[in-house]
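S.K.: Here it is, the structure, as structure tokens.
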Amino acid sequence: MEAHTRILKTCGYLHRDLSINNIMGLVGQDGHVRGLLTDYDCTIKVGEARTLWPERTGTLPFMSISNLLGSPIERTELDDWESLLYIICWLGIHGISGVEQLSKRTRKWWIIKATFDIEELYWKDYGSI
């Protein structure tokens, strides 16, 4: 969260793709754990003039509900923070380890075909809170 806030406030960029695959924890020589954000493909400059259209960027299980529904409202840091909430829930359920042990049901949820029903996905995300 600290890394996200620093990037947003210092550089003015919004990540828009927070997921378990884009966050790394590093243990420093002093023993403190520090977070590192990776994968800035979906990053946008905050306040930059651009055409608004319903775009869905990010990793599906961690996308904000507004993003899932393709809302025409511009994405903010609240969408990224909502993604972080889903990441915390995910890690609480699946644990934190170097080896992911996902159930068949979870893999099915994770690997959604390109023709997914966005309304169904919304209710799965909304219902999991």
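The values are calculated or read from the model by the stated rules, or taken from the named source; none is laboratory data. Note that the structure is predicted; figures quoted are calculated from it, not measured. Side chains included, ligands, DNA and RNA excluded: accessible areas come from the protein's heavy atoms. Shrake-Rupley method; radii C 1.70, N 1.55, O 1.52, S 1.80 Å.
S.K.: Rounded to the nearest 10 Å², what accessible area does TRP81 show when all protein chains are kept and the probe is 1.4 Å?
M.R.: 100 Å²
S.K.: Return the long-range amide H neighbours of ILE44 (sequence gap of 5 or more, or a different chain), with a cut-off of under 5 Å between placed amide H atoms.
M.R.: Long-range HN contacts for ILE44: LEU14.
S.K.: Quick one: ranking CYS42, CYS11 by accessible area, 1.4 Å probe, largest first, what do you get?
M.R.: Largest accessible area first, the residues go CYS11, CYS42.
S.K.: Still on this structure, please answer the following. From the square roots a ≥ b ≥ c of the eigenvalues of the alpha-carbon gyration tensor of the stretch 1-66, which class results: rounded (a/c under 1.5), prolate (a/b over b/c), or oblate?
M.R.: It is oblate, given that a/c is not under 1.5 and a/b is not larger than b/c.
S.K.: Please list 3J(HN,Hα) in residue order for the stretch 72-78, calculated via the Karplus relation 6.51 cos²θ - 1.76 cosθ + 1.60 where θ = phi - 60°; whole Hz, with x for glycine and proline.
M.R.: x, 6, 4, 6, 10, 5, 5
S.K.: Same structure again: In whole Hz, with x marking every Gly and Pro, tabulate ³J(HN,Hα) for the stretch 33-48 from phi via Karplus 6.51 cos²θ - 1.76 cosθ + 1.60, θ = phi - 60°.
M.R.: 8, 10, x, 9, 8, 10, 6, 9, 4, 9, 5, 10, 7, 5, x, 6
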